[in-house]
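Before any comments, here is the structure.
The values are calculated or read from the model by the stated rules, or taken from the named source; none is laboratory data. Predicted model only: the values in this text are computed from it and were never measured. As a convention, Cβ positions derive from the backbone with ideal geometry for all residues, glycine included, and neighbour counts pool all protein chains shown. Just the protein is used for accessible areas: all its heavy atoms, side chains included, with ligands, DNA and RNA removed. Shrake-Rupley method; radii C 1.70, N 1.55, O 1.52, S 1.80 Å.
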Amino acid sequence: ILADDMGLGKTLQVISLLAWACAQKEDRRPSIVVAPTSLVYNWNAELGRFAPHLRVMVSEGTQVQRSQMIAQLANEDCGVDVYITSYPLIRRDIAQLQHIAFRFAILDEAQNIKNAMSVGAGAVKQLKAQTRFALTGTPMENHPGELWSIFDFVLPGYLLSFAQFMHRFGDGGEMDILRRRIRPF
């Protein structure tokens, strides 16, 4: 979900989706939300406010404590609907999290992975999920490669390889084609 502004309800849309998916009862796998550290507890509060029936686990504590939380997620009925973590913690915990099959993987403030070569971008791209979402009010700040990195998380290959994308769109050429490709998002 790309938006050119903040406050448009991206969080509430995702919470509605999570609540709907939980009500279906056909896929009880947990979902993961990755957010900036400053927004982790905001997500927890918003989930409690708008979908209090969802069982939420917030990643916190020492490495050992987080490892125990993640181990719980691997159980078929783990008792968790939504696991919330931060970008710094996912970099530390991805070795375990990459083995969990999530229903949804949601990146809030997805511009945090705008550098495709960063450790954080590499970590979130290792997550396994049936469906991936990237929420951002600022999908591109400096150059088109930032947009590519976000799309590489959501739909790997949709915008070609990084080298092909930069060759075709990096200098601002063919921007009409790029706009048409990303317009649905």
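Going toward the positive end of the dipole of the chain, with +1 on Lys and Arg Cβ and -1 on Asp and Glu Cβ, which of Val124, Ala74, Phe151 do you reach last? Highest projection toward the positive end goes to Ala74.
Test of understanding: given the chain, find the longest segment containing no GluC sites (Glu not before Pro) that are in a DSSP loop and have at most 16 other Cβ atoms within 10 Å.
Working: sites that count: Glu26, Glu60, Glu76, Glu141, Glu174.
Value returned for the longest uninterrupted segment is 77-140.
Rounded to the nearest 10 degrees, the inclination of helix 144-154 to the longest alpha-carbon principal axis of the chain is 40 degrees.
Which whole-number value in Å² is the accessible area per residue of the chain, probe 1.4 Å? Walk me through the numbers before you get to the answer.
On the way: 9350 Å² over 185 residues.
Computed with neighbouring chains in place, this is 51 Å² per residue.
What is the chain's relative contact order, in percent, from Cα pairs under 8 angstrom and six or more apart in sequence? Each step should come with its number before you reach the end.
Numbers: 296 pairs, mean separation 42.6, N = 185.
Normalised by residue count, the contact order of the chain is 23 percent.
Other residues whose C-beta falls under 12 angstrom from the C-beta of Phe102 contribute a net charge of +3, scoring Lys and Arg +1 and Asp and Glu -1. For the chain, take the longest principal axis of its alpha carbons; what is the angle in degrees between that and the long axis of helix 40-50, to the nearest 10 within 0 to 90? The angle comes out near 70 degrees. Taking the helices alone, the chain has a mean residue ellipticity at 222 nm of -13000 deg cm²/dmol, built from -39,500 (n - 2.57) per DSSP H run of at least 4 residues and averaged over all its residues.
From the largest down, the chain spans 49, 31, 31 angstrom on the principal axes of its Cα atoms. Once the Cα atoms are used to define both axes, helix 63-73 deviates from the longest principal axis of the chain by about 90 degrees.
Under 14 Å from the Cβ of Lys125, count the other residues' Cβ atoms, weight Lys and Arg +1, Asp and Glu -1, and hand me the total. For residues surrounding Lys125, the net value is +3.
What the pair-distance distribution of the range 68-158 shows, using all Cα-Cα distances binned every 10 Å from zero, is 17, 51, 26, 6, 0 percent.
Can you tally the net charge around Ser59? Count Lys and Arg as +1, Asp and Glu as -1, for every other residue whose Cβ sits under 9 Å from the Cβ of Ser59. If you can, show how the numbers build up before the last one.
Numbers: positive: Arg66; negative: Glu60, Asp93.
Summing Lys/Arg as +1 and Asp/Glu as -1 gives -1.
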